[in-house]
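Worksheet for the structure shown next.
The values are calculated or read from the model by the stated rules, or taken from the named source; none is laboratory data. Please read these numbers as outputs of a predicted model, since none were measured by experiment. Cβ placement follows ideal geometry from the backbone for every residue including glycine, while neighbour counts extend to all protein chains displayed. Heavy atoms of the whole protein, side chains included, go into the accessibility calculation; ligands, DNA and RNA do not. Shrake-Rupley method; radii C 1.70, N 1.55, O 1.52, S 1.80 Å.
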Amino acid sequence: LVERDEIGLRLVGLDGSSERALAYERLRARARDRSAREEERVLYVAATRARERLVLSGGVAVDAWPKDGPGASPLTWLGPALLGGDLSRLPTSVEPVRDVVWSDGAHTATVRCLVNRPETVGRVLRRASLAPAGASLSIAPSQPACRSQPSPQVAAPAVRSLSYTTLAAWGECGYRFYLTKVLGLREEPVIRIAATAGAPTLDPRVRGILVHALLEDPEPVAGLAAAHDVVLTAAESADVARLAAAFAHSPLAARIARARAVRREHAFAVTLGDTLLTGVVDVLASERGGLRLVVDYKTDALDDGADLATYVDEHYGVQRRVYALAALRAGAARVEVAYAFLERPREPIATRYEASDADRLESELLALAAGLLAGEYPVTDGPHRGLCESCPGRRALCSYPEARTLAERPLPSARPQIAATRSEIGSPQ
């Protein structure tokens, strides 16, 4: 366990024995406390989203109600709270469904309690099915069910490393990032509408992975797909092969062929303040004059009239800074970050940076990552189907209605971008 300036170790011997050293016990207690407070916060957020009916379900031994404490389920304290602290008001085997009047002095509500026991489960289900709206364990959303309202922001563990993917996902929607990356909730399945017969329908992410793999190590598409556990149609195989072959027609391909040294799928790590910034570039080429060329293949589907420079600013502005900073911190005198869109391979977009730009790039990236590093997870200002459809919080936790989260993405608005000097692709000066 590591936290700021403290470290704790749990050492396991060959005989299975274990020994805890340094600050292990203290750090473990803190981690458990953070987890418990975060669980209460998530429960509170979920419960207060209800407008007409709230159903709370959990499992405890009602005949010997457990004590509240570390690791206990929320129902351990929530049940007594809803019953006014009097567990004798719980339903019994004789009366497995009971309406309890709950009051905190200022608010009054009726809570319907259902207790399932082996001998009464059928009766409970029948009674519940005949009950009016609001049945099951319910309480009006305006009445607080929690012991006390948890803080809207719980201190998050310090972020130890960042990547372009992490920054981009957090930047799109901090709350979705929190649900999927911090809490580890699964994304909702997305139902795709069948495309026109014969048209490729491969998931864009899988398509990109296959094309990148083919560019790194040319081999038959069928064998590549099998290695990735993917079954391709004839149209999809042809589409993957077409995109991979397209790069040969890019001006970047000729530059890479002339480069003094070339590294493919090159992993990097660079410090960003007190955090480690990691990533992988498709191609890193060393050219004469100390110029480092970073090339990134893109399989994005593009509109015929799309302005590629604007598109890169909109979608890859953060990634471009990350690549440039990594190359400059590695000792490059100059670096050029180039994007090769395989749907339009003859129109690469490149931006050059000088060594003097390194401090500015670091400051810009730190500013972009400040919220994430501080443990802030704001909801997006621009919900749309592409971002929200698979979000695990869309149906019950999101503050936006489905009319917004399932709407099509609005046209990109003009947003101020941090300036950089863009040059034409060609032979280095």
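Which pairs have Cβ atoms under 7 Å, sit 6 or more apart or on different chains, and link a residue in the range 220-246 that is modelled with pLDDT of 85 or more to one that is open to solvent by 70 Å² or more (accessible area, probe 1.4 Å) and aliphatic (A, V, I, L, M)?
Ser237/Ala222
What single numbered condition from (1) at pLDDT 75 or above; (2) surrounded by 10 or more Cβ atoms within 10 Å (Cβ to Cβ); (3) out of contact with any strand residue (DSSP E or B) (no Cβ under 8 Å at 6 or more places or on another chain) fails to hold for Val62?
It fails just one condition, (1).
Do the conditions hold for Leu27, that is, is it at pLDDT 80 or above and touching a strand residue (DSSP E or B) at 6+ places or on another chain (Cβ under 7 Å)?
When the stated conditions are applied, Leu27 passes them.
Condition first: assigned to a loop (DSSP other than H, G, I, E, B), under 18 Å from Asp63 (Cα atoms) and free of Cβ contacts under 8 Å to residues at least 24 places away in the same chain. Now tell me which residues in the range 91-107 satisfy that.
Correct list: Thr92, Val94, Glu95.
Name the single residue that is nearest to the chain's Cα centre (by Cα) among those in the range 65-94 being open to solvent by 60 Å² or more (accessible area, probe 1.4 Å) and at pLDDT 75 or above.
This residue is Asp68.
Checking Gly289 against (1) in contact with a strand residue (DSSP E or B) (Cβ under 6 Å, 6 or more places away or on another chain); (2) touching a residue at least 24 places away in the same chain (Cβ under 8 Å), only one condition comes out false. Which one?
(1)
Please enumerate the residues belonging to the range 63-86 that are out of contact with any helix residue (DSSP H, G or I) (no Cβ under 6 Å at 6 or more places or on another chain) and over 26 Å from Arg32 (Cβ atoms).
Within the range 63-86, Asp63, Gly84, Asp86 qualify.
Among the residues of the range 318-351, write down those that are surrounded by fewer than 19 Cβ atoms within 10 Å (Cβ to Cβ) and farther than 19 Å from Ala267 by Cα.
Matches in the range 318-351: Ala333, Glu343, Arg344, Arg346, Glu347.
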